[in-house]
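We did not get these values from a lab; they are worked out from the coordinates using the rules stated. Treat the numbers as computed from the prediction; the structure is a model and nothing was measured. A quick note on method: Cβ atoms are made from the backbone with ideal geometry, for glycine too, and the neighbour counts reach across all protein chains shown.
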Amino acid sequence: MEYTYYPGCSLEASAKGYDESVRFVFRTLGQKLVELEDWNCCGATYYMSTKETTSLVISARNLALAEKYGHDIVAPCSSCYTILYKTNQILKDNFIMKAKVDQALKKENLQYNLHLKVRHPLEVLVNDIGIDSIASKAKISLYGVKIAPYYGCQIVRPDRGFDDKENPQMMNLLFEALGAENIYFPMKVRCCGGMLMTTYPDVALELNKKILESACENDADVVLTTCPLCQINLEAYQNKINKKFKTDFHLPILFFTQALGLALGGTPKELGIQRSIIPFQLKENVKGEAR
Amino acid sequence: MSHQDIRIGVYVCHCGTNIEGTVDVEKVRDSAADAPYVTVARDYKFMCSEPGQDIVIKDIKEKGLNRVVVASCSPLMHETTFRKACEKAKLNRYLFQMVNIREQCSWVHKDRQSGTEKAIALVNAAVRRVAHQESMETVRVKINPNTLIVGGGIAGIQAALEIAESGNKVYLVEKDSTIGGKMAKLDKTFPTLDCSACILTPKMVQVAQHENIELLSYSEVEEVDGSVGNFTVKVRKKARYVTDQCTSCNDCTEICPVKVPNPFEENQSLRSAIYKTFPQAIPNTYVIDKEGRPPCRETCPIGQEAAGYIGLIAQRKFEEAARLIRQQNPLPIVCGRICYHPCETECNRQFVDEPIAIKNLKRFVIDWERNKGGPQAPQIEKKRKEKIVIIGSGPSGLSCAHDLALKGYNPVIYEKLPVAGGMLAVGIPEYRLPKELLNTEIDFIKKMGVSIKTGMALGKDFSIEDLFKEGYKAVYIATGAHKSLKMKIPGEEEFEGVYHGVDFLRNINLGTAQPVGSRVAIIGGGNTAIDSARTALRYGAKEVTILYRRSRKEMPAEEYEIQAAEEEGVRIQYMVAPVEVIGKSGKISALKCIKMKLGEPDSSGRARPIPIEGSKHDLQFDTVIIAVSQSPEIDYVSPKVSLVLSKWNTIEANPETLETNIKGVFAGGDVVLGPATVILAMSDGLRAAEAIDKYLNGEPLTSFKSRRQKKPARRDENCRPHSYAPRFKDTPRKARLKIKERPPQERIKDFKEVELGFSEEEAVEEASRCLNCGICIECHECERVCEPKAIDHTMEDEIQEIKVGQVLITTGYSTLNSDCLIPYGYGLYENVYTSLEFERIVSSTGPTQGKIVMKNGKEPRAIGIIHCVGSRDINSHPYCSRVCCMYALKFAHLIKDRTKAEVYQFYIDMRSFGKGYEEFYSRILDEDVNVIRGKVAEVVSNGSPENGEGDLLLRFEDTLIKKFREIPVDMVVLCNAIEPQPDSEKIKRLFSLSFSPDGFFLEKHPKLDPTATATDGVYIAGCCQGPKDIPDTVAQASSASARILSNISKEEVEVEPIQAFIDPELCAGCRLCNDLCPYGAILFDQEKRISKVNEATCKGCGTCVAACPSSAAKAKGFSDRQVFAEIEGILE
């Protein structure tokens, strides 16, 4: 199947590994990703809380461009996914807002007719391709790897039928089928603080400490995330957390597609894993069928 | 009345500023004064006041008014007031019209000009209308002094006692097997902490003993007809299966093998299928929980209670299982080996994995019984002298003889062949049913007083006339279907080596040689064909081939028989049929065959075989056995034996009574059904025995107890065996045990039994796969141990019709159990309880005997109690459940009293509003309970459940100190919301009630009339009207009773005459209206051939008025002229 690909700003820079691994995974599974040409920054969640109409216009521009491609738009970053999805929903429900946005879009000769579906690679993999199909293509079993699947808050809330809000299972089931062990991880949907790391670092550091603590308590080997902001918060600030709270975290934080890519036989270089601050290495794992 | 006589008075009310604020009242008055026939128009500040009413009365008297219009508030408020005022002035109340210019004008508009215009239009309309109104009289209906109360909780009990004490009769209907409702589940009640059972049970006993209360427990209302004063209610009294002889000795619950979660204990412990809800239940008897009948029993043509004996096998009670089987089955050895088991085909286990091997389990039990010495001969008490003869000793005749013998008769069986047993002896091969076992079965029946005479053929050796002449009083013909059908192909009757299936098998079984060559062909796909094939193999045939004209899946033979044959080396060729038998020197040498293809389904539902042109080919065979079905041999039917035959040459008999056209002669089995099965023939035999007995007793041939095959309801993998079990698709799988068989190469060398039966361990294991469909498996163990003989599994539901004048609904509440509870860990963590669950924990008769312990038995160190779970929540219920704050405090007190645990209570507001409630709250505060203002956000586990003891962490915001906190506890109690009952929709429909937005029943007025409803004669009280505590519930029950008693004492109730009326001159008697009336209020006068409205029940909905094609049905108070006048008034 073909999808329109919206990388978003982070995937071009600090989360390059996510971009590389998403492309690898989709390619290996025989799915086509066509990058949206001339896409612009989605505005991210924070903008919408301050200037709603403008943020909707900025976001809707991407939707209008993507609509022409005729395929579902896939946005790996949780924030981009949330924003594009919310924009789509607001334009569907609120005709006054839609009229305003249409007016702005017309200035660039664009039009959005609400024909687009906004998707996230995790649910595309699970719903469209299917866990069984992915597991059958796995080259390396993840047996022995203890993962803490961290969904973060944006991907499940507000409710858009993505998965259960309190206890989502998509990553759990996917990686279980690949042989990994899901540890007990009650913090899986706890907020990482997002942008607060830059504005209120004390709050954010504490939130991230709790998440890491929960993962380490149950001996996780790696935390898998779906969002560049969560990933950078959890990984890049581990030193600061250690200093502040006198802890000793050295937990690798990967994007879930990087771990999936490894199972599908990708090399760390192909998946951008060499960019990680805290190194992750798959132990000598069983080759062959994952299940 | 001619128009000159109309004198209208119009009065426009200011209602203070309520109307005057938006509507220019004086302008309206002036406009009205100009309208035709208006004698006087006034305005006044408060028309409803005494001076206001006096103005109207004075004008009527002094100005001779004969019509009045008042423009003020809603008729719901004051129509009665003004009508009464008119009556005081001797003016008929229906010559008054009210205009609502407050709620419908002033309150909904802001613009004074348009508001006034609207008010003027409305008043004008009323003035035009009222001119056409005519006097009417209210209808007076006599009130039946009986009352129905639906719901036996504390509200129903209180009301029942109140009304019964006045000397009037009360019917108290309760759905559960005992009254008491939710209050019976409580331990202590707030604020006095008295024990709930102690204050409730005396009232319950009073209800049981009161002479004016008829208690219909375990019953539900099914249908309601009529209206206030005269309701006819049909109540379904569900069968308890326990009679009044029960002494509550409890022997039955101990022996019952079925255990299901106990709903009274909120599913925290188990109870058996026979149970008493709680020790002080009223009525104080037991009840058996049956959810329909298991499909195995439903579909068995003799109604064998398979689930019952399977349950007994699972408990190793083999003797009881054998006894149960024999109670219903006269040929258990036979059935355990060769029955075609419709029970297995319908067994619900098939939706999980595979059906239970019921036939093999029956075989195991009967073999076990035989090894222990065999069954005891039954005691037969009464002896009957009447002579009965049964013609045919097959399964049908034997079953009939068995049951007749049990009833005390000594029937004689006449059998044509030299051996007894019918098809069992001469159709079924030895390796499936050994003759030794069949004869054991037949001997047992003979010992009961049955004699079998062989070599007696009907029509040859005796006739029906002869029998009656010899003094036989009844005859049962069960001669079966033993005549082979011919294929009618050339050569079929010519050559040696061509046999027909049933003849082949019969001759072998009777000892006549049937030489079989080495290349044998079998034509046909049924059991006879398979039997013939496997028999031929055992006679040394080298190659046995079955030729079948359709494909495998259309073959009527049993799948495992086909498989057994294939294992033994039988080959099967599909889609081929012979068209000619080719012979040489008088013996068969080949078959000319033609290939077939499958076409559209024929009358049997299977694809029709169509010959393929040009595909004829010869196949070499030296023997052929043709087994293409049988038909009855009815050569004895003659003018002397003048039985009526059907077009298929079967005897015609009544399917219910098995009577034929000859009096005293009954017929059943294959001779009536055509070639069928053993068990269907047995079903006929058992029915015939009952029919003959009734016939000889001179009783009518109705209400038979013997069972027939019933089709179970459609099910699929989403259904459950009963409501306490998981769905079929969620049930853990376990493969069906295969019965041991002799290896194929060994077994074809002889005719010894092929199947070897289950071992004891295998039988118990296979029986444990049974899902106990319908809860009670009817093993009859309870019946066996019940000394007073109070158990009757054949009881049926009864419908009782009662006539009452008024109804009180006190159906109570349910508690929230939905996804809302998941963030609090309910269902995820062990020690999270709902309020009712915890209530049972603290009760001394509950699952922990009142000890507050965690699931692992240890005492908790800290308990969190969370208020407002699902209440005051826009995502769930926006209302407050009213009682939770108080019972949460009660819990805190009980916990402090019995344990050393810390208690943390999380509230939003503390609602302790009642008498003694605030004092109770202060007391709890003094008991060192931590009361925290803040809603708990979530309950999470404090670590992996495998580590530690599963501490729960409460995460919340302490709003008084404005801090986010986390507290570890061992146990959490959720105060989950009170909700309407799940079946309140049904009650709403039955009694024409409405819901308020919160889902509880709607009262007439929330402040001034909380126990009446908009439906006359129906009242509500207690939690079904809205959440409330016990004091308020009792108060409402008494209040509703007062209203009910007041109406009873008035003896009559007034009904509005705004009803339909059918003009007898115009009615054409088409009766269209009869069925349209939703209240069944139209009667048809057969003599006059016209319809008439029943004034007592007509609600004035107008449906018949709209539908009547002759315009004979009119609405009183809403005539066409009145309505058009009103419309014109608005449009002017």
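For a quick size check, give me the Cα extents of segment B:771-871 along its three principal axes, largest first, whole Å.
51, 45, 29
Taking a cut-off of 16 Å between Cα atoms, list the lysines near B:Lys118, but don't count ones fewer than 8 places away on the same chain.
Those lysines meeting the cut-off are B:Lys27, B:Lys110.
Assuming 1.567 mPa s and 4 °C, estimate D for segment B:662-705 with Stokes-Einstein, Rh taken as the Kirkwood radius over Cα pairs, in µm²/s.
Result for D is 117 µm²/s.
Please grab the % of Cα pairs in segment B:456-544 that end up more than 17 Å from each other. Intermediate values should be presented prior to the final figure.
Numbers: 2374 of 3916 pairs.
Within segment B:456-544, distances greater than 17 Å cover 61 percent of Cα pairs.
If each DSSP helix of 4+ residues adds -39,500 (n - 2.57) and the sum is divided by the residues in chain B, what number results at 222 nm, nearest 500 deg cm²/dmol?
Helix-only estimate at 222 nm: -8500 deg cm²/dmol.
Given a Förster radius of 35 Å and the C-beta distance between B:Leu598 and B:Lys749 as r, what FRET efficiency does 1/(1 + (r/R0)^6) yield to the nearest 0.05?
It comes to 0.40.
Quick one: plug the Kirkwood hydrodynamic radius of segment A:14-67 (C-alpha pairs) into Stokes-Einstein at 20 °C, 1.002 mPa s, and report D in µm²/s.
On the way: Rh = 13.0 Å.
Translational D for this selection: 164 µm²/s.
Could you go through segment B:637-650 in sequence order and give the Karplus-derived ³J(HN,Hα) for each residue, using 6.51 cos²θ - 1.76 cosθ + 1.60 with θ = phi - 60°, rounded to whole Hz, and x for Gly and Pro?
My calculation for segment B:637-650 gives 6, 8, x, 7, 10, 8, 6, 7, 10, 8, 6, 9, 6, 9 Hz in order.
Taking 0.36 nm per residue of separation and subtracting the Cα-Cα distance, what length does fully extending B:Phe46 through B:Glu1052 add?
Values: separation 1006, 0.36 × 1006 = 362.16 nm, distance 3.34 nm.
Taking B:Phe46 through B:Glu1052 to full extension adds about 358.8 nm, to one decimal.
With r as the distance between the Cβ atoms of B:Lys616 and A:Arg157 and R0 = 56 Å, compute the FRET efficiency 1/(1 + (r/R0)^6) and round to 0.05. Write out the running numbers ahead of the final one.
Details: r = 75 Å, r/R0 = 1.34.
Using R0 = 56 Å, I get an efficiency of 0.15.
Lysine pairs in segment B:541-660 with alpha-carbon atoms under 30 Å apart, 8 or more places apart or on different chains: how many are there?
Lysine pairs, 8 or more places apart or on different chains, close enough: 21.
Compute the Kirkwood hydrodynamic radius of segment B:876-977, taking the inverse of the mean of 1/r over all pairs of distinct Cα atoms, and give it in Å to one decimal.
Computed over segment B:876-977, the radius equals 14.9 Å.
Starting from the coordinates of the alpha-carbon atoms of segment B:225-337, obtain the Kirkwood hydrodynamic radius over all distinct pairs and give the value in Å to one decimal.
Taking the inverse mean of 1/r over all distinct Cα pairs, segment B:225-337 comes out at 17.1 Å.
On average over all directions, what projected area in square nanometres does segment B:478-519 have, based on the convex hull of its Cα atoms?
Taking the Cα atoms of segment B:478-519, their convex hull projects to 3.9 nm² on average.
I'd like the distance between the alpha-carbon centres of segment A:66-110 and segment B:724-797, rounded to an integer number of Å.
One Cα centre to the other: 62 Å.
Nearest 5 percent is fine: what portion of the DSSP beta bridges confined to the protein assembly as shown is antiparallel?
If I count the DSSP bridges inside the protein assembly as shown, around 45 percent turn out antiparallel.
Whole-Hz Karplus ³J(HN,Hα) for segment A:59-76, in order, using 6.51 cos²θ - 1.76 cosθ + 1.60 and θ = phi - 60°, x for Gly and Pro?
Residue by residue, segment A:59-76 yields 5, 5, 4, 4, 5, 4, 5, 6, 4, 5, 6, x, 10, 4, 9, 10, 10, x Hz.
Using only the alpha carbons, work out the radius of gyration and Dmax of chain A in angstrom.
19.0, 58
Rg over Rh of segment A:43-98, using C-alpha atoms and the Kirkwood radius, what does it come to?
Values: Rg = 10.8 Å, Rh = 11.4 Å.
With Rh from the inverse mean 1/r over Cα pairs, Rg/Rh is 0.95.
Work out Dmax and Rg for chain B from the C-alpha atoms and quote the Rg first, both in angstrom.
For chain B, the Cα radius of gyration and maximum Cα-Cα distance read 40.4, 129 Å.
How much length, in nm to one decimal, is gained on full extension between B:Glu567 and B:Cys249, taken as 0.36 nm per residue of separation minus their Cα-Cα distance?
Using 0.36 nm per residue and subtracting the Cα-Cα distance, I get 108.8 nm.
Tell me the volume per residue, in Å³, of the convex hull enclosing the alpha carbons of segment B:326-465.
It is 132 Å³ per residue.
With the alpha-carbon atoms as the only input, what is the per residue convex hull volume for the protein assembly as shown in Å³?
287 Å³
Counting only C-alpha contacts under 8 Å and six or more residues apart, can you give the relative contact order of segment B:698-841 as a whole percent?
Here the relative contact order equals 13 percent.
Hey, got the average number of other protein chain Cβ atoms within 10 angstrom for residues in A:185-191? Mind showing how you got there, number by number?
Numbers: counts 1, 8, 1, 0, 0, 2, 0.
Across the residues of A:185-191, the mean count of other-chain Cβ atoms within 10 Å is 2.
Given the pairs B:Lys237/B:Lys986; B:Lys803/B:Lys1004; B:Lys88/B:Lys142; B:Lys188/B:Lys234, which are separated by over 29 angstrom at their Cα positions?
B:Lys188/B:Lys234
Cα axis of helix B:1030-1050 to longest principal axis of chain B: angle in degrees, 0 to 90, nearest 10?
Orientation of helix B:1030-1050: about 80 degrees from the principal axis.
Would you give the gap between the C-alpha center of segment B:262-336 and the C-alpha center of segment B:1033-1065, rounded to a whole Å?
One Cα centre to the other: 48 Å.
Mind checking the log10 I(q)/I(0) for segment B:944-1076 at q = 0.09, 0.11 Å⁻¹? Debye, one equal scatterer per Cα, no solvent, two decimals.
-0.56, -0.70
Cα-based Rg of segment B:1-146 per 2.2 N^0.38 Å, rounded to two decimals? Walk me through the numbers before you get to the answer.
Values: Rg = 15.4 Å, N = 146, 2.2 N^0.38 = 14.6 Å.
That works out to 1.06 for segment B:1-146.
Straight-line reach from B:Lys238: which lysines fall under 16 Å, measuring Cα to Cα and dropping same-chain residues less than 8 apart?
Partners within reach: B:Lys175, B:Lys276, B:Lys290.
What ratio of Cα Rg to 2.2 N^0.38 Å holds for segment A:12-135?
Taking the Cα Rg and dividing by 2.2 N^0.38 Å, one obtains 1.11.
I want to check the label-to-label distance for A:Asn40 and A:His115. Put each point 7 Å from Cα in the C-beta direction and report it in nm to one decimal.
Modelled inter-label distance: 2.3 nm.
Once Lys and Arg get +1 and Asp and Glu get -1 on their Cβ, which of A:Pro201, A:Gly265, A:Pro168 lies farthest toward the positive end of the dipole of segment A:127-268?
Farthest along the dipole direction, towards plus: A:Pro201.
Taking every eigenvalue of the Cα gyration tensor of segment A:55-193, multiplying by 5 and rooting it, what semi-axes result, largest first, whole Å?
Taking √(5λ) for each eigenvalue gives 35, 17, 10 Å, largest first.
Using Cβ counts within 10 Å as a stand-in for footprinting exposure, how do A:Asp164, A:Asp38 rank, fewest first?
On the way: A:Asp164 14, A:Asp38 7.
Exposure proxy ranking, most exposed first: A:Asp38, A:Asp164.
Explain nothing, just the number: relative contact order of segment B:266-400, from Cα pairs under 8 Å at least 6 residues apart, as a whole percent.
Value for segment B:266-400: 19 percent.
Take the Cα gyration tensor of segment B:1044-1132, multiply each eigenvalue by 5, square-root it, and list the three semi-axes largest first, rounded to whole angstrom. Could you put the intermediate results ahead of the total?
Numbers: eigenvalues 125, 98, 20 Å².
Whole-Å semi-axes of the equivalent ellipsoid: 25, 22, 10.
Whose amide H sits under 5 Å from the amide H of B:Ile865, counting only residues 5 or more places off or on another chain, with H placed in the peptide plane?
The list, which skips near neighbours in sequence, is B:Tyr904, B:Gln905, B:Phe906, B:Val973.
Taking the C-alpha atoms of segment B:161-287, how large are the radius of gyration and the largest Cα-Cα span, Dmax, in Å?
16.6, 49
Check the straight Cα-Cα distances from A:Lys246 and name the lysines below 22 Å, setting aside those fewer than 8 residues away within the same chain.
A:Lys209, A:Lys210
Taking only the C-alpha atoms, wrap a convex hull around segment B:257-314 and report its volume per residue in Å³ as a whole number.
107 Å³
Using Cα-only point scatterers and the Debye equation, what is log10 of I(q)/I(0) for segment B:275-350 at each q in 0.11, 0.13, 0.19 Å⁻¹, rounded to two decimals?
-0.38, -0.51, -0.87
Of B:Met183, B:Leu216, B:Ser166, which is farthest towards the positive pole of segment B:146-224's charge dipole, taken about the Cα centre with +1 and -1 on the beta-carbons of Lys, Arg and Asp, Glu respectively?
The listed residue farthest towards the positive side: B:Met183.
Counting only DSSP beta bridges with both residues in chain B, tell me the antiparallel percent, nearest 5.
Among the beta bridges of chain B, antiparallel pairing accounts for roughly 50 percent.
I want to check the label-to-label distance for B:Leu701 and A:Lys51. Put each point 7 Å from Cα in the C-beta direction and report it in nm to one decimal.
About 9.5 nm, to one decimal.
Which percent of the Cα-Cα distances in segment B:482-635 go past 22 Å?
Counting every Cα pair in segment B:482-635, those more than 22 Å apart make up 38 percent.
Work out the P(r) tail for segment B:990-1036: percent of alpha carbon pairs separated by more than 14 Å, whole number. Don't skip to the end; give the middle numbers.
Working: 475 of 1081 pairs.
Summing the P(r) of segment B:990-1036 above 14 Å gives 44 percent of all pairs.
For segment B:697-751, report the translational diffusion coefficient in µm²/s to the nearest whole number, using Stokes-Einstein at 37 °C, 0.692 mPa s, and a Kirkwood Rh over Cα pairs.
The diffusion coefficient I find is 189 µm²/s.
Taking 7 Å along the Cα-to-C-beta vector as the label spot, tell me the B:Met77-B:Arg112 distance in nanometres, rounded to one decimal.
Result for the modelled spin labels: 2.1 nm.
Which whole-number percent gives the relative contact order of chain B, counting Cα pairs below 8 Å spaced six or more residues apart?
That works out to 14 percent.
Can you find, among B:Val1018, B:Gly422, B:Gly374, the residue farthest towards the positive end of the dipole of the protein assembly as shown? Put +1 on the C-beta of Lys and Arg, -1 on that of Asp and Glu.
B:Gly422
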